[in-house]
1. What's the number of the condition B:A73 fails, among (1) at pLDDT 95 or above; (2) within 14 Å of another protein chain (Cβ to nearest Cβ)?
2. Checking the condition in a helix (DSSP H, G or I) and crowded, with 17+ Cβ neighbours inside 10 Å, which residue from A:I30, A:I17 passes?
3. Report yes if some residue within the stretch B:132-144 is among the acidic types (D, E) and within 18 Å of the chain's Cα centre (by Cα); otherwise report no.
4. So, in the stretch B:17-60, exactly how many residues are under 13 Å from A:C453 (Cβ atoms), modelled with pLDDT under 90 and more than 8 Å from chain A (Cβ to nearest Cβ)?
5. Residue by residue through the stretch A:481-497, note down the ones that are at the interface with another protein chain (Cβ under 8 Å from one of its Cβ atoms) and aromatic (F, W, Y).
6. Which residues, counting only those in the stretch B:96-107, are part of a helix (DSSP H, G or I) and out of contact with any strand residue (DSSP E or B) (no Cβ under 7 Å at 6 or more places or on another chain)?
7. Sort out for me the helices (runs of 4 or more DSSP H) sitting completely within the stretch A:58-150 that have 2 or more residues that are touching a residue at least 12 places away in the same chain (Cβ under 8 Å) and closer than 30 Å to A:G413 by Cβ.
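The values are calculated or read from the model by the stated rules, or taken from the named source; none is laboratory data. Worth saying up front: this structure is predicted, and the values here are computed from it rather than measured. Glycine also receives a Cβ, built like all others from the backbone with ideal geometry; neighbour counts cover every protein chain displayed.
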Amino acid sequence: MKKKYLNFIRGVSINKIGMAGMVLTTSSFIAMVFFELLRIVGILTNAYIGLITYLLLPLLFVVGLILIPFGWFKYKRESGKTTKELLEKQFTKDELENTKIGAKLTRTVLILTMINVLFLSLASMRMLNFMDEPVFCGTACHSVMGPEWATYQVSPHSRVACVSCHVGEGVGALIDSKLNGTWQMISITFDLLERPIPTPVHQLRPARETCEKCHWPEKFYGSKIKSIVHYDVDEKSTPKHTTLVLKIDSGEEAGKAGIHWHIDNKNQIRYASKDDKREEIMWVEVMQDNGKTKLFKSKKYYTSENNSDSERIMDCVDCHNRATHIYENPNEAVDKRISKGLIDNSLPFIKREAVAAITSSFTTKEIANQIIQNHLVGFYRENYPNLLGTKSKSIDKAINTLQNVYNTNIHYGMNVDWGVYPNYLGHKNGGGCFRCHNNDLVDEVGKPIKNDCTMCHSILANDSPQPFMYLQNATNANRDSAMHIYLKSEFLNYSIK
Amino acid sequence: MKKIILIISIFLFVGIWGELLAANNDAKVAGKCMTCHKEKSPGIYKQWQASKHAKHNVTCLSCHAAKRGEKDAFEHEGALIATLVTPKDCGSCHKKEADEVNNSYHATAGKILQSQDAYLAYIGGGTPAVIAGCESCHGSVMKIDEKSPNKLSSKTWPNSGIGRINPDGSLGSCTACHTRHAFSKEQARKPEACSKCHLGPDHPQKEIFEASKHGNAYYTHTDDMNIKSDSWVVGVDYFEAPTCATCHMSATAKQKITHDVGKRISWTLRPPISKHKDNYVQKRKNMKDVCAACHTERFVEGHFVQFDAVVNLYDEKFAKPATAIMKIIDDKKLKRNKADFANDIDWIYWELWHHEGRRARHGAAMMGPDYTWWHGIYDVIHNFYFEFIPAAKEFNDKDVNAAIDKLLKKDPMHKWFLTKSTAELKESIKNGEMAKIYSKLFYKK
């Protein structure tokens with residue numbers, strides 16, 4: 001048996017090309033089986049190995065297979081011999097002898113072809129599978145996908161595969177994505193892409209179809225407490241608490257329609273924006289299932305010949321536009337790291353200096369890492385030289401953390417600097433909710449879309465010394481005690497509804 | 001009958017009580033204002049929160065609540081409010097101050113439509129310049145615009161001019177000096193509060209103060225002025241230097257603080273020829289009392305003699321003759337164009353009194369020597385002899401020429417110009433003849 005195949009190999013390796021093809025095919029086959037075995041038994045765990053096992057090796061395998069007949073025909077043409085002469089030269093009579101079930105050689109070829117087909121099918125399945133894995137999306141086009149890969153890995157959806165949101169299910173989606181991928185390869189090769197990659201991404205599958213697989217609207221009920229800690233820029237980096245009770249219900253039961261009212265089955269909201277950024281809203285129309293519609297027109301942007309290209313039915317991503325690829329802003333990034341204990345709050349002026357360290361420049365990773373280190377070490381050497389000894393561990397950890405923050409958020413090669421990708425969740429800096437909920441979008445009698453502070457959240461603390469400041473008994477010492485009283489009663493009234 | 005009276009009384013009582021309740025601040029409503037404004041306009045909120053108002057629980061609605069029927073009242077988040085807070089509103093707590101402001105010269109600053117300055121701005125400049133220029137200091141006549149979200153026309157809002165004419169009939173704006181929303185008294189005590197308006201080519205009070213010894217001392221000791229103290233009596237609570245407020249408004253050991261800014265000013269130096277104000281003897285006394293906190297009586301007396309002499313010099317030597325010549329020109333309708341400011345001589349005469357003459361007199365009043373002389377009388381002389389007289393002579397009118405001739409040949413103060421040589425003049429300076437000509441100006445009332 002073994003001899004038979006060795007003979008076959010010898011037989012098809014008619015010249016150097018044929019031999020190379022044979023070597024390539026055989027070695028890549030063995031290597032792939034070997035790597036796959038290693039992966040299965042758990043010795044190989046490196047995620048990148050898939051690039052070799054499922055992409056490179058099958059490719060080499062096919063190239064080898066093509067080389068074999070290529071070599072054969074080349075030799076045939078050069079030598080001027082007939083196929084029969086060649087066969088007789090390369091193989092024994094025994095192998096060529098015709099029997100009822102064909103020549104031995106024919107059988108060998110058939111069996112090997114079957115093995116090849118089987119192997120290639122398996123390999124392509126594995127390849128497609130591998131291409132569905134986040135690590136492929138994130139690393140195959142390293143420089144371009146770098147920012148998205150970096151933010152994805154630390155995101156709330158880091159255990160949901162890219163393709164779950166970006167490709168979808170079914171043959172159509174698969175073909176679409178492969179065609180789109182081909183175009184992306186071309187645009188990378190010829191440098192046709194924009195940096196940073198513009199958003200919104202239009203090839204995403206419909207958000208409600210995707211998101212609602214896990215997050216279903218019937219489950220948006222009640223309230224959610226969100227506590228935010230900001231640290232002051234003083235020496236102690238004094239914490240200031242903001243506690244919001246987010247009213248996220250979708251239904252109108254008991255008059256508690258909350259933020260997800262927008263996507264409740266009974267309501268449909270259409271809008272048009274001035275451009276693709278969806279920041280300057282020209283009009284908003286609310287349609288409820290009783291058939292009633294209400295139109296709000298922008299005093300700033302509405303024109304009678306509105307461009308309908310930008311018209312949209314509101315869905316998840318109009319607010320959750322950064323559900324996964326979340327780019328932070330430097331202040332909040334530092335606040336978060338301090339409250340997680342990654343940055344030691346006992347270091348004097350750490351909030352102020354940490355923010356300064358990561359916002360001082362837009363540059364490459366290596367230079368930035370150096371700048372961040374120089375900034376913090378420099379500051380403490382100049383102002384608190386003792387701390388370099390007594391708190392060196394804390395300082396090192398802070399530096400490390402800040403470098404991580406920088407490298408997750410800032411991507412020089414892709415022009416991704418602070419603030420390039422705004423987050424529409426909430427209403428930071430007048431964006432987000434306030435794109436529509438502002439006094440410029442008014443109905444036919446000039447009444448604006450509601451933008452009451454307590455419409456979407458109760459407020460239990462706002463930059464306050466304690467997390468539940470407004471629930472405590474207000475005294476005149478607070479100076480703004482009227483606000484405490486108002487917010488406490490608002491919260492209680494809403495809660496007992 | 002008694003029953004009817006009783007019922008009417010009950011109605012009246014309930015009505016008044018309701019009114020009182022409405023004016024009283026419901027914490028839940030005031031709290032709502034703060035909730036949003038802390039987020040949307042944090043600066044306002046923080047200024048207010050750090051202020052004395054917040055300390056005494058004076059909240060948004062204490063000042064901004066409006067009554068139905070008020071012209072500028074509008075619904076906002078369930079409350080009836082007005083953006084504009086007038087001296088009448090402030091006066092509901094600060095009554096004395098509001099009354100004093102209302103009777104002060106400041107309160108009349110908005111009634112400028114008939115003045116030469118406003119005329120020039122309207123015809124030569126145009127309404128935009130009037131609004132962003134003149135009215136920003138003087139105050140506008142507040143216009144109601146029903147379409148505007150806060151019912152105030154953008155042509156008159158924002159405006160914190162000191163003589164603003166408000167829809168409720170009150171005059172002025174407390175925020176002209178006590179900037180919202182901190183409304184601090186220390187801010188109004190500092191010269192910067194006045195410097196928004198009292199500066200520039202026509203009345204450089206800011207520049208004169210800065211150039212004076214008073215200003216010099218103030219900017220040297222600005223941190224030692226005890227400026228936040230509730231009691232701020234000159235010579236008692238502070239002594240390093242005076243500010244504008246010290247002399248014109250703040251308390252002395254004998255006088256109470258006043259918001260009537262003219263109470264210590266004896267001259268009006270605004271018109272072409274200086275005038276004493278009503279009751280000027282008392283007003284001069286009031287000012288001398290301020291000076292006495294730091295200066296001896298003799299020192300103060302001397303200063304006012306010197307100051308008055310400059311006023312008299314300007315009036316007698318330049319203002320009166322120039323005004324008389326202008327009168328002949330106007331009476332005989334010699335000017336080519338009918339409109340004021342459409343002729344060269346209008347501008348020359350205007351700058352003589354409105355700019356240069358005032359700079360000289362203000363410089364003397366507040367001891368800024370450079371403004372008395374180089375920015376003042378020096379400019380007046382140059383204008384008078386080399387612009388005004390030649391421009392007047394251009395009309396070639398016999399009455400004008402006769403007046404000029406008489407002035408330059410007969411008036412001892414002007415005789416030098418046409419009839420004397422440098423050597424002769426130097427000799428007269430040396431021997432005191434020249435000084436004699438002017439000695440009458442020193443004790444003139």
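1. So the condition that B:A73 fails would be (2).
2. Working: A:I30 fails: crowded, with 17+ Cβ neighbours inside 10 Å.
Residue meeting the stated conditions: A:I17.
3. Scanning the stretch B:132-144, I find at least one residue that is among the acidic types (D, E) and within 18 Å of the chain's Cα centre (by Cα), so the answer is yes.
4. Qualifying residue count, the stretch B:17-60: 1.
5. If the condition is that a residue be at the interface with another protein chain (Cβ under 8 Å from one of its Cβ atoms) and aromatic (F, W, Y), then A:Y486 is the only one that fits.
6. B:K96, B:E97, B:A98, B:D99, B:E100, B:V101, B:H106
7. It comes to A:104-131, A:134-140.
Conditions (1) in a loop (DSSP other than H, G, I, E, B); (2) more than 14 Å from every other protein chain (Cβ to nearest Cβ); (3) farther than 13 Å from B:T86 by Cβ; (4) touching a Lys or Arg at 6+ places or on another chain (Cβ under 8 Å), marked per residue:
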site: B:L120; (1), (2), (3), (4): no, yes, yes, no
site: B:G133; (1), (2), (3), (4): no, yes, yes, no
site: B:K155; (1), (2), (3), (4): yes, yes, yes, yes
site: B:I162; (1), (2), (3), (4): yes, yes, no, no
